[in-house]
Amino acid sequence: MKSGFCSIVGRPNVGKSTLVNRICGTKVSIVSDKVQTTRTQVRGVLTMRDAQIVFVDTPGILKPRTLLGERTNAAATSALSGGVDVVMVMIDATMPLGKGDRWVAERAPKSSLLVVNKVDVASRRAVLEQLRKASEIGFSEYFPISAETGEGIGPLIDVVLSRLPEGPQYYPDDMIRDVPEAVWVAELVREQLLHVTNEELPHSIACRVVEYEERSGKGPYVRVEILVERESQKPIVIGKGGSVLKEVGTAVRAQLPPGAYVELFVKVAKDWQRSNLLLDRLGYQFPGRD
């Protein structure tokens with residue numbers, strides 16, 4: 001049995017979560033076009049007959065403006081070393097190779113795999129130019145892929161497998177994501193809110209499950225608290241006549257077991273992104289802290 005951990009790092013919106021979801025064949029991480037969608041490390045498990053790869057999806061690395069930003073950066077950079085067998089550094093084929101990409105690359109091991117994503121929407125010239133520029137970084141191998149369509153992912157997985165050591169099976173055969181169910185529901189709520197709210201608000205939204213009850217013969221009852229930073233943001237999240245919450249709740253229930261009941265309510269927690277106490281309660285902790 002070969003087994004090990006493969007972390008995926010890069011700037012925001014390069015497609016890390018989409019890649020993990022594609023490889024695992026189901027939704028492991030929530031996805032949106034908003035920066036800082038992924039806020040913690042998320043593990044997706046690919047189990048084969050004689051191997052198991054645990055892919056570690058990480059937050060996009062960016063210049064932090066809040067304590068939350070510092071913690072998400074720490075969650076990402078900690079995945080560059082310590083207990084990780086393979087590192088993928090991902091860049092976007094449709095965007096110039098910038099300072100942020102180089103900042104990440106400089107901190108990654110030279111044995112890392114450089115992954116150029118979104119080749120399905122970039123021109124061949126753009127992909128070749130990204131590969132040329134990326135070659136200056138000096139990583140061991142380079143892979144043009146499309147996380148959206150699956151193009152090029154097979155050879156990438158083969159190389160990851162070749163680098164894994166012999167080891168135990170860390171997760172059961174039927175386990176695909178290492179996320180507690182209550183945390184997963186909160187993330188599904190936040191994903192839907194990211195889709196329906198405006199550009200400024202997503203950074204100010206956090207979600208947590210405050211009550212989760214399994215009901216005999218029915219789906220679970222879940223009560224989710226949605227935090228915003230200002231009183232003026234509550235009407236945006238609630239919507240006229242509760243329209244936004246209704247839309248979000250319907251979309252979330254569709255992804256849960258039949259009969260699930262999801263109750264949503266909105267609460268103001270002023271400047272929660274800058275509060276150590278609230279960040280701890282929300283699970284946005286620095287790596288290594290319980």
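The values are calculated or read from the model by the stated rules, or taken from the named source; none is laboratory data. Nothing here was measured: the structure is a model prediction, and the numbers come from that model. Cβ sites come from the backbone with ideal geometry, for glycine too, and all protein chains shown count toward neighbours.
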So K218 passes all but one of these: (1) in a loop (DSSP other than H, G, I, E, B); (2) in contact with a strand residue (DSSP E or B) (Cβ under 7 Å, 6 or more places away or on another chain); (3) of a type outside the set (D, E); (4) not assigned by TED's automatic domain parsing to the domain that holds R43. Which condition number does it fail? (2)
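Residues are listed down the side, and each one gets a yes or a no for (1) of a type outside the set (A, V, I, L, M); (2) at pLDDT 95 or above; (3) at positive phi:
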position	(1), (2), (3)
V159	no, yes, no
E166	yes, yes, no
D178	yes, no, no
G217	yes, no, yes
E225	yes, yes, no
S232	yes, no, no
I238	no, no, no
Buried (at least 20 other Cβ atoms within 10 Å of the Cβ), in the same structural domain as T94 (by TED's automatic domain parsing) and in contact with an Asp or Glu (Cβ under 6 Å, 6 or more places away or on another chain): is that true of V20 in this structure? yes
So for segment 9-28 (the condition being in contact with a Cys (Cβ under 6 Å, 6 or more places away or on another chain) and over 24 Å from D280 (Cβ atoms)), does at least one residue qualify? no
From the list R132, R102, which one is free of Cβ contacts under 8 Å to residues at least 12 places away in the same chain, out of contact with any helix residue (DSSP H, G or I) (no Cβ under 6 Å at 6 or more places or on another chain) and part of a helix (DSSP H, G or I)? R132
When segment 62-119 is examined, which residues are found to be at positive phi and modelled with pLDDT of 90 or more? K118
The condition of being under 24 Å from T94 (Cβ atoms), over 11 Å from the mean Cα position of the chain (by Cα) and among the aliphatic types (A, V, I, L, M) holds, among I30, I23, I8, only for I23
Mind telling me which of the residues Q169, Q130 ends up being among the polar types (S, T, N, Q) and outside the structural domain of R43 (by TED's automatic domain parsing)? Q169
So E141 ticks every box in (1) closer than 19 Å to R22 by Cβ; (2) surrounded by fewer than 20 Cβ atoms within 10 Å (Cβ to Cβ); (3) in contact with a Leu (Cβ under 7 Å, 6 or more places away or on another chain); (4) without any contact (Cβ under 8 Å) to a residue 40 or more places away in the chain but one. Which box is left unticked? (1)
So which of A105, A122, A93, A79 ends up being of a type in the set (G, A, S), within 21 Å of V20 (Cβ to Cβ) and touching a Lys or Arg at 6+ places or on another chain (Cβ under 8 Å)? A93
Among residues of segment 105-128, those that are farther than 14 Å from F143 by Cβ and outside any loop (DSSP other than H, G, I, E, B), counted: 6
